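Quick notes on the structure that follows.
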Amino acid sequence: MAKRFALPLVGALTAIIAIMLVWLNNPANMGFCTACFLRDTAGALGFHSAAPVQYVRPEIIGIVLGAFILSFVKKEFSPKGGSAPATRFVLGFALMIGALIFLGCPLRMVLRIAGGDLNAIIGLFGFIAGIFSGIFFLNRGYSLKRTYDVSKTDGFFLPIGTLILLGLLLIVPSILIFSSEGPGSMHAPISVALVAGLIMGAVGFVSRLCFVAGIRDSVLFKDFSMFSAFIVLIVVAMIGNLILGNFNLGFEGQPIAHTEGLWNFLGLMLVGLCAVLLGGCPFRQLVLAGSGNSDSAITVLGMVAGAAFAHNFQMASSATGVTQNGKIGYAAALMIVLLIAVYNTFYKKESE
């Protein structure tokens with residue numbers, strides 16, 4: 001019963017934080033976006049050279065550290081790993097290709113809907129289609145290897161990495177790369193963004209908030225509690241956008257978005273499929289990595305690599321639409337993901 005009431009509150013809190021971050025200069029309809037923020041951070045570290053999207057996002061650091069701190073306080077920090085890490089890296093890589101085709105993760109999809117972006121509605125249908133595709137494989141036995149207890153060193157891997165990144169941002173920012181224009185140049189104050197991330201990491205750890213689980217659990221288990229959080233998030237964020245004058249209903253003129261409906265659908269379809277196969281959305285992977293799951297840490301590294309690859313090879317979309325390289329990269333990523341899904345569903349047991 002408590003869960004049914006708590007999750008809508010989590011949705012409301014997420015919306016309030018996202019709207020506040022936009023008010024404090026994060027890009028519109030992007031108060032929080034795991035994929036976009038990982039891409040920006042990759043750019044700040046020099047992994048790609050797309051000048052408009054280079055900035056170390058403190059929100060990412062905060063999510064990881066928030067989950068890490070709370071898991072330690074609650075004595076639930078439990079380093080685990082060994083569940084097909086290479087496969088998870090590839091799935092994280094492919095997930096990011098899909099996210100940058102759409103221009104956002106599932107959280108940004110919800111925030112774009114709350115801002116009136118009808119392109120995100122099309123993306124939502126693709127996201128649902130991807131989740132249903134993943135459920136198809138789950139129902140037929142898809143699984144990666146089980147996790148095992150691992151050393152604390154493995155569990156500390158990503159939290160320590162984000163602490164180092166925070167140190168660079170605060171002490172020697174001159175060695176990082178920052179955008180002078182574009183989305184990367186738009187950001188809330190470091191302290192506010194970091195605190196927002198810490199709160200979201202802690203809340204994500206306690207609530208197990210996941211933008212795939214809401215739909216997946218509704219279908220598989222008839223459990224709509226997580227889904228209710230998304231509805232509340234959209235409603236509260238929409239109200240906030242209306243108050244701040246950031247609501248713009250339509251397809252055209254949406255911030256950091258394109259109007260190619262088919263690719264908005266396909267981009268989030270790949271994200272939904274990969275997230276089901278991974279067992280959680282990009283935000284959930286960050287929270288799990290912070291609380292000791294080294295497989296999720298590898299997934300996050302896969303997403304960072306995917307973001308760098310997408311921008312270095314002109315696969316990421318822009319407001320003008322999807323690139324030809326993006327279409328080719330998407331087709332290759334989808335084929336690889338389907339091969340992973342088919343093998344780990346129908347053939348893996350026969351070969352073991």
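For segment 20-34, taking the residues that are in a helix (DSSP H, G or I) and touching a Leu at 6+ places or on another chain (Cβ under 7 Å), the one that is farthest from Gly240 (Cα to Cα) is identified as Thr34.
On the basis of being surrounded by 16 or more Cβ atoms within 10 Å (Cβ to Cβ), assigned to a loop (DSSP other than H, G, I, E, B) and not acidic (Asp, Glu), does Gly329 make the cut?
Against the criterion (surrounded by 16 or more Cβ atoms within 10 Å (Cβ to Cβ), assigned to a loop (DSSP other than H, G, I, E, B) and not acidic (Asp, Glu)), Gly329 does not qualify.
Being in contact with a Leu (Cβ under 8 Å, 6 or more places away or on another chain) and assigned to a helix (DSSP H, G or I) is a description that applies to Leu124.
Restricting attention to segment 259-302, the residues that are of a type in the set (Gly, Ala, Ser), under 11 Å from the mean Cα position of the chain (by Cα) and not in a helix (DSSP H, G or I) total 1.
Here the condition is being surrounded by fewer than 24 Cβ atoms within 10 Å (Cβ to Cβ), at pLDDT 95 or above, closer than 20 Å to Val337 by Cα and touching a Gly at 6+ places or on another chain (Cβ under 9 Å); of Phe265, Phe251, it holds for Phe265 alone.
Just one of the listed residues (Ala319, Ala332, Ala308) is modelled with pLDDT under 95 and within 30 Å of Gln254 (Cα to Cα), and it is Ala319. Just give me the residues in segment 51-83 being of a type in the set (Phe, Trp, Tyr) and outside any loop (DSSP other than H, G, I, E, B), in sequence order. Answer for segment 51-83, where residues must be of a type in the set (Phe, Trp, Tyr) and outside any loop (DSSP other than H, G, I, E, B): Phe68, Phe72.
Taken together, Gly204, Gly214, Gly197 contain a single residue that is buried (at least 18 other Cβ atoms within 10 Å of the Cβ) and in contact with a Cys (Cβ under 9 Å, 6 or more places away or on another chain), which is Gly204. Within segment 115-126, residues that are under 11 Å from Gly104 (Cβ atoms) have Cβ atoms under 8 Å from residues that are aromatic (Phe, Trp, Tyr) and part of a helix (DSSP H, G or I) in these pairs: Gly123/Phe102; Gly123/Phe265, counting only partners at least 6 apart in sequence or on another chain. Pro189 passes every criterion in (1) buried (at least 16 other Cβ atoms within 10 Å of the Cβ); (2) in contact with a Leu (Cβ under 7 Å, 6 or more places away or on another chain); (3) not charged (D, E, K, R) apart from (1).
The values are calculated or read from the model by the stated rules, or taken from the named source; none is laboratory data. This is a predicted model, so every value here is computed, not measured. Neighbour counts are summed over all protein chains in view; Cβ atoms, including those assigned to glycine, are modelled from backbone coordinates with ideal geometry.
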